[in-house]
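Engineer: Quick one: this structure, given as structure tokens, is what I'll be asking you about.
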Amino acid sequence: MSEATPLTAREAGLVGCRRCGRVWPIETEECGRCGAHLQSRDPRSLSRVWAWWAAGLIAYVPANLYPMLVTSTLVEETQATIVGGAVELAQHDALGVAIIVLVASVLIPVGKFMAIAFLALSVHRQADTGAHARHKLYEIVEYIGRWSMIDVFVVAILTALVQLNALASIHPGPAAAAFAASVVFTMLSAQSFDSRMIWDHLGGPRPRPRLEERAT
């Protein structure tokens, strides 16, 4: 006797509230617990995902090309990009800090771009395998989003602490604003993704008799 493929909530005639998690009949339009609008699937989800994704990618380019920090002293003014600053840290025996900067500023953002694109493409192509792994990947992208602002936090702290007036001063460069915008756009892209679409084609088409038997 073959094992029955589990039904999704949509196939069972149910819809879950994305705010509080309460489950309601699929024809319900408003959550009776928190008042949120209920929708089984967001048909415009992928359009918003790609729009925010493209905006984040565009902002990420100047974030790496322009200086993140501008340091002014009595004798000179120096500028450092994200990668250039990490290289200087490594040269001054701060390899651990340099690795943290590279991971937070390069590895995580690029990984997020790739992960969001992969999830959106897999849903668009109606992939019916690896649903659990893709949903876990989505949860990871959502979780690490809050840590993507570490570079902006570092710039803000240095700007506040290293203000020695005539001796030296540190100011955020144009890359700081571009990097912050890129992080915000990618977070909005991830939040726009309707993760429920991952499960829509799980197991492929289902035989009609099985659904009728379950309904009875």
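The values are calculated or read from the model by the stated rules, or taken from the named source; none is laboratory data. Not measured: the values here are computed from a predicted model. Here Cβ is always computed from backbone atoms with ideal geometry, including for glycine, and neighbour counts include all displayed protein chains.
Engineer: With respect to Q91, determine if the residue is touching a residue at least 40 places away in the same chain (Cβ under 8 Å) and either within 30 Å of S195 (Cα to Cα) or in the same structural domain as G173 (by TED's automatic domain parsing) (or both).
Structural biologist: Numbers: touching a residue at least 40 places away in the same chain (Cβ under 8 Å): no; either within 30 Å of S195 (Cα to Cα) or in the same structural domain as G173 (by TED's automatic domain parsing) (or both): yes.
When the stated conditions are applied, Q91 does not pass them.
Engineer: Filter region 85-109 for residues that are of a type in the set (G, A, S) and surrounded by 15 or more Cβ atoms within 10 Å (Cβ to Cβ) and give the result. Talk me through it step by step, then tell me what you get.
Structural biologist: Initial filter on region 85-109 (of a type in the set (G, A, S)): 85-86, 90, 94, 96, 98, 104-105.
Scanning region 85-109 gives G85, A86, A90, A98, A104, S105.
Engineer: I need every pair where a residue in region 124-140 that is free of Cβ contacts under 8 Å to residues at least 40 places away in the same chain has its Cβ under 6 Å from the Cβ of a residue that is part of a helix (DSSP H, G or I), sequence separation at least 6 or different chains.
Structural biologist: Going by the 6 Å Cβ cut-off, the qualifying pairs are L137/A115.
Engineer: Can you pull out every residue in region 72-88 that is in contact (Cβ under 8 Å) with a residue 40 or more places away in the chain, over 19 Å from A178 (Cβ atoms) and among the hydroxyl-bearing types (S, T, Y)?
Structural biologist: Correct list: S72, T73.
Engineer: While we're on this one: Might you let me know whether region 60-78 holds any residue that is of a type in the set (G, A, S), out of contact with any Ser or Thr (no Cβ under 7 Å at 6 or more places or on another chain) and not in a helix (DSSP H, G or I)? Step through it out loud before you land on a result.
Structural biologist: Within region 60-78, the subset of a type in the set (G, A, S) is 63, 72.
This time we only want the ones that are out of contact with any Ser or Thr (no Cβ under 7 Å at 6 or more places or on another chain), so: none.
Taking every residue of region 60-78 in turn, none turns out to be of a type in the set (G, A, S), out of contact with any Ser or Thr (no Cβ under 7 Å at 6 or more places or on another chain) and not in a helix (DSSP H, G or I).
Engineer: Okay, next question. Taking region 70-125, which residues are β-branched (V, I, T) and over 28 Å from the mean Cα position of the chain (by Cα)? Show your work before the answer.
Structural biologist: Looking only at region 70-125, we keep the residues that are β-branched (V, I, T), and these are 70-71, 73, 75, 78, 81-83, 87, 97, 99-101, 103, 106, 108, 110, 116, 123.
Scanning region 70-125 gives V70, T71, T73, V75, T78.
Engineer: Let me ask another. Tell me, please, whether a residue that is over 18 Å from T186 (Cα atoms) and buried (at least 17 other Cβ atoms within 10 Å of the Cβ) can be found in region 46-59.
Structural biologist: First, the residues of region 46-59 that are over 18 Å from T186 (Cα atoms): none.
Looking through region 46-59, none of the residues is over 18 Å from T186 (Cα atoms) and buried (at least 17 other Cβ atoms within 10 Å of the Cβ).
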